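Below: the structure, in structure tokens.
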Amino acid sequence: MGFWFGLGAAVFVVVALQILVWRPAAEEKKLRADRNLAQGILECAIRFPQSTPGSLRDRWANGIGQIIEGRFSFQGLDAGEYNRRMGGQIVVTEITAEGVQTLPGKRPREVLRNWKLLTLGSRQGVVEVAGSPNALQMPKERSSAQKAPDL
């Protein structure tokens, strides 16, 4: 009886602490994402679909993006091979949004479950940006008169 009671108490304490810590953290993350979105900063993943299949640019990379004054800046979150080879920050200029759609085929692991796909035409070629539906509506709403801080 003592072993099972101790095991049950330990599981209860772990679950209770997880709920007490997780809930406020999730609310804070949502508030931070809303503040960032108001400044034109969004959590997203990008890839360049016209690049060589299997290359680093063809793979999805998670990071933080910012759309302002006709350009899209992207900073990768991980310090992996992609960021070392791409030089850290990627800037795509003269962008035109081609519309939001659902991801075709199987969802890559870098793309979150509810994210949609936005295709951007640019001087550097086609860029696919995956992000939350609210964040991907932003390119149409932001005008060149709005200013936001750089990443």
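The values are calculated or read from the model by the stated rules, or taken from the named source; none is laboratory data. Quick caveat, the model's predicted, so the values are computed rather than measured. Glycine gets a Cβ as well: all are built from the backbone with ideal geometry, and neighbour counts include every protein chain shown. The area values use the complete protein model at the heavy-atom level, side chains included, leaving out ligands, DNA and RNA. Shrake-Rupley method; radii C 1.70, N 1.55, O 1.52, S 1.80 Å.
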Report task. Considering each residue of the stretch 33-54, count those that are under 18 Å from Pro133 (Cβ atoms) and open to solvent by less than 30 Å² (accessible area, probe 1.4 Å), and give that number. Result -> 6
Report summary line: Val127 vs (1) open to solvent by 70 Å² or more (accessible area, probe 1.4 Å); (2) touching a residue at least 60 places away in the same chain (Cβ under 8 Å): all pass except (1)
Query raised in the report: So Arg113 fits all but one of (1) in contact (Cβ under 8 Å) with a residue 12 or more places away in the chain; (2) within 13 Å of Ala130 (Cβ to Cβ); what number is the exception?
Result: (1)
Report task. Among residues belonging to the stretch 96-117 that are part of a strand (DSSP E or B) and at pLDDT 85 or above, point out the one that is most open to solvent (accessible area, probe 1.4 Å). Result -> Lys116
Query - Whichever residue in the stretch 55-74 is touching a Lys or Arg at 6+ places or on another chain (Cβ under 8 Å) and among the β-branched types (Val, Ile, Thr) and, among such residues, is surrounded by the most Cβ atoms within 10 Å (Cβ to Cβ) - result: Ile67
